[in-house]
1. Quick one: 3J(HN,Hα) in Hz for the range 167-172, Karplus 6.51/-1.76/1.60 with θ = phi - 60°, rounded, Gly and Pro as x.
2. Per residue, how much accessible area does the range 83-177 show when a 1.4 Å probe rolls over the protein heavy atoms, in square angstrom?
3. Run through all the Cα pairs of the range 112-177 and give the fraction in each 10 Å bin from 0, expressed as whole percent.
4. Check Arg142: other-chain or 5+ apart residues with amide H under 5 Å from its amide H, H built from backbone geometry?
5. Which value, in Å³ per residue, describes the convex hull spanned by the Cα atoms of the range 99-141?
Amino acid sequence: MFDAPPPPPPEPPRRVRGVPQGGARAGLAVLVVVVVIVALGALGWGVRSMLTGDAENVPPIATEASAEQAEQYSVSAPRRSTAAPTTTAARPPAGATPCPPVYGAVGAYASSAAGTNFTSCPFAEEVRLAYAGSGAPGQPRRVDAWSPITRQWYPMDCTVDGVVTCRGGNDAVVHVY
């Protein structure tokens, strides 16, 4: 006999002024992405710290670079400075092998020398760059230096007695002057 009236249509979703529909889901997705990126960064930092913090298990630094490695190293080096260097000492200690500079004078330091047969000149230059760029000249400190030969980071403990002497890795010794 009489049909019941049709049900009213559903209400449209309420919108908050300035927030697009589905904004809560988008905000949650952004938050999840940020948390994942931060977690991956922390994981990477932890792995790097573990790899650079264990000096006893670090392989020795190569003494000779292949022609390909030497060419790659010299290509990636920045332009040399023409400024007159200011140094703390005129020459390395006896028995050390002076290294040709790859970088111009960095702060008070224009030269480096390999102190052992386990130390390459490309690595000595990286230690010089790391030391000179990490604080006041003539102060003892620990620096992390990249080896272009082994493609690894090495912690180096630097002391000062006329020249800066940094020791680390597996019997690596670098003089900075």
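The values are calculated or read from the model by the stated rules, or taken from the named source; none is laboratory data. Quick caveat, the model's predicted, so the values are computed rather than measured. The protein model used for the area step is the full one, side chains on, heavy atoms only, and it has no ligands, DNA or RNA in it. Shrake-Rupley method; radii C 1.70, N 1.55, O 1.52, S 1.80 Å.
1. Here the 3J(HN,Hα) series is 10, x, x, 10, 6, 7 Hz.
2. Heavy-atom SASA per residue in the range 83-177 reads 44 Å².
3. The percentages, shortest bin first, are 25, 62, 12, 0.
4. For Arg142, whose amide H was placed from the backbone, the distant partners under 5 Å are Cys158.
5. 69
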